[in-house]
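**Q** Input: one structure, supplied below.
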Amino acid sequence: MHASAETLIPPPTDNPFLEPLEAYLSTDGLEPRLANWPLTGVDVKHIDMQTRHDLLDRLQDQMFEPTLTALDTTSRLYRMIRRGYTARNPTSVSSRQHTMGLARCAGKEINNLPWLPSYAKGMRASGVTGLGKSYEILRALSLIPPRIVHGKSKSADWTHMVQASWLYVAMSHDGSLGGLLLQILTALDVAIGTSYARDRGITGLSNEKQAVHVGIILINHGVGVLVIDELQGRNFAGGVRGGLAATFFLRLLNFGIPLVLMGNPLGMDALDTFSQDMRRVGSGGNIEMHPLESYETDFTDVLAPALWRYNVMPEPSPIRDDDGAILFKYCGGIRDYAARIRASSQRLALDEGCAFVTEDHMAQAFNGPDFSAKERGLIAGFRDKNPIILQQFDDIPWQRYAVRWGLHPSAPDTPASVPAPPPAVPAKPRKPASQQAKETAQRNRTRKANQKAENAVARANLDPEDMRNQGLQQHLISGLEQLQVHDNPLTNPSPSGV
């Protein structure tokens, strides 16, 4: 007898969390569902000037042409959410026991919780600025309803429940756990209409206790995935604060909440130093994004043709750029700058009263106020594969790109101007978060036992009249008796005899 998918995985109708999302989480026909074309149905030859400018605003913010990377990222995200809900089926007795067990942890500190045997999947997406990390994840999430209201369910044992399918927040600027927790509660309030962020009973707790409460709240509202963006080296620089945030990430996975972390490669490097267990964050995939090469299919066959098609001018441009080489010159393979040069050059042509865009317009826009000198340098650094230019940016791992482009300092043909990277300083290895929690609990128990034993020895060696033994108690009793005598009119008559 062969097992079928139906026997291995309960059908979606038996899972209230998954049933209303089944169609949204399907990866069938993903490309047309992700695609978004603001010019659909618009006759650009017969629209007014203001509409043309409005449509150019939508180019950068709304036009979405799915690349192979975007399709892979979205597929991974949807599978991760679906798997998480399958493991947290509210009709399952074990799942309800799991939820109630976590609820009993309220009031405990995050480092003192027991580690559960299973973990949800996590995903990491890293890359330098302007590549579209957030843009792609947000586009994928936008296809999923963020809020689902459930009525009475006997199988799930609830009378009313509001489910948050996904939450998207940014890492706090200073990397503090408290700032992140407040943003998570605020995002949840916006998504489902609660008021957790204003509840002083929660926000007034220490970060260590509040982190546990937030995890319980996310479980109770069936959060399908938590996306945390903007992990930067500057706001996640390590230390005790960063280590606590890293432990929180692991706890969420251990609770059963899928997690997506996005940010700069240097921010991810800082995260990796906190615990060996951070490998769990990448269990659902590690997406490393780089500026596209001029020959990559995602640029030559997807992004560049789509951007050239996005034309709000009265007439098509006479520019012939079949391989995207002209567009690449002004963007260096960075999506945001590719969209910006197409929008800014069309604005310039419209302001000049031209019917179409020429390459002169592109050159003028590139060297004008739409691009700063630093941005032109960043584009040139990736376009020309010049790590020297990239050294001026603290958040660009220029050494890695020097290696990626075959310009490693140890290579015979390395330009003399490329300095060798500084020698690596051996980092003190960090213990896994689970081991840290275990050792913390053991230290607390040992400290209390030692203190109790020391107190017992000290009392045994004290004189019976010593105030540190029973003397203080006797002194207080004696003082109380004197006070009672002094205040009692029967035993202490007034001088007047009344």
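**Q** With a point put 7 Å past each Cα toward its Cβ, work out how far Gln50 is from Leu143 in nm, to one decimal.
**A** Between Gln50 and Leu143, the label points sit 3.5 nm apart.
**Q** Let me ask something else. Which residues among the range 45-79 fall inside the zone where the amide N is under 20 Å from a point 7 Å beyond the Cα of Asp351, along Cα→Cβ?
**A** Under cut-off, by backbone N: 48-61.
**Q** When the C-alpha atoms of the range 59-140 are aligned to their principal axes, what extent does each axis show, in angstrom, from largest down?
**A** Largest first, the range 59-140 extends 49, 29, 20 Å along its Cα principal axes.
**Q** Here's something else I'd like to know. With a 1.4 Å probe and all protein chains left in place, how much of the accessible area of the range 144-237 comes from carbon and sulfur atoms, in whole percent?
**A** On the range 144-237, the fraction of accessible area on carbon and sulfur atoms equals 50 percent.
**Q** Please report, to one decimal in angstroms, the Kirkwood hydrodynamic radius of the range 57-101 built from all distinct Cα-Cα pairs.
**A** 13.3
**Q** Starting from the Cα of Arg279, step 7 Å toward the Cβ, then list every residue of the range 80-121 with an amide N under 19 Å from that point.
**A** Hits in the range 80-121 for Arg279 at 19 Å: 116-121.
**Q** Given C-alpha coordinates of the range 134-177, what is the ratio Rg to Rh with the Kirkwood estimate of Rh?
**A** Rg/Rh: 1.18.
**Q** Give the accessible surface of the range 242-354 per residue, rounded to a whole number of Å², with probe radius 1.4 Å and ligands, DNA and RNA excluded.
**A** Dividing the accessible area of the range 242-354 by its residue count gives 32 Å².
**Q** Please report the Cα spread of the range 4-120 along all three principal axes, rounded to whole Å, starting with the longest.
**A** Largest to smallest, the principal-axis extents are 64, 42, 24 Å.
**Q** Grab the eigenvalues of the alpha-carbon gyration tensor for the range 359-413, scale each by 5, take roots, and send me the semi-axes largest first in whole angstrom.
**A** 27, 12, 7
**Q** Any idea what diffusion coefficient the range 290-418 gets from Stokes-Einstein, in µm²/s, Kirkwood Rh on alpha carbon pairs, 25 °C, 0.890 mPa s?
**A** Answer, rounded: 156 µm²/s.
**Q** Counting other Cβ atoms within 10 Å, keep those with at most 12, restrict to DSSP loop, and tell me which trypsin sites (Lys or Arg not before Pro) in the range 310-392 are left.
**A** Filter output for the range 310-392: Arg320.
**Q** If you don't mind, there's one more thing I want to ask. Once you keep just the Cα pairs under 8 angstrom separated by 6 or more residues, what percentage relative contact order results for the range 18-125?
**A** That works out to 30 percent.
**Q** Then there's this: For a 32 Å ceiling on Cα separation, which of these pairs sit above it: Lys121/Lys152; Lys121/Lys452; Lys45/Lys374; Lys121/Lys329?
**A** Check vs 32 Å cut-off fails for Lys121/Lys452; Lys45/Lys374; Lys121/Lys329.
The values are calculated or read from the model by the stated rules, or taken from the named source; none is laboratory data. This structure is a prediction, so every number in the text was calculated from the model and none was measured. Don't worry about glycine lacking a Cβ; one is built from the backbone with ideal geometry, like all the others, and counts go over all protein chains shown. Only protein heavy atoms, including side chains, enter the accessible area calculation; ligands, DNA and RNA are left aside. Shrake-Rupley method; radii C 1.70, N 1.55, O 1.52, S 1.80 Å.
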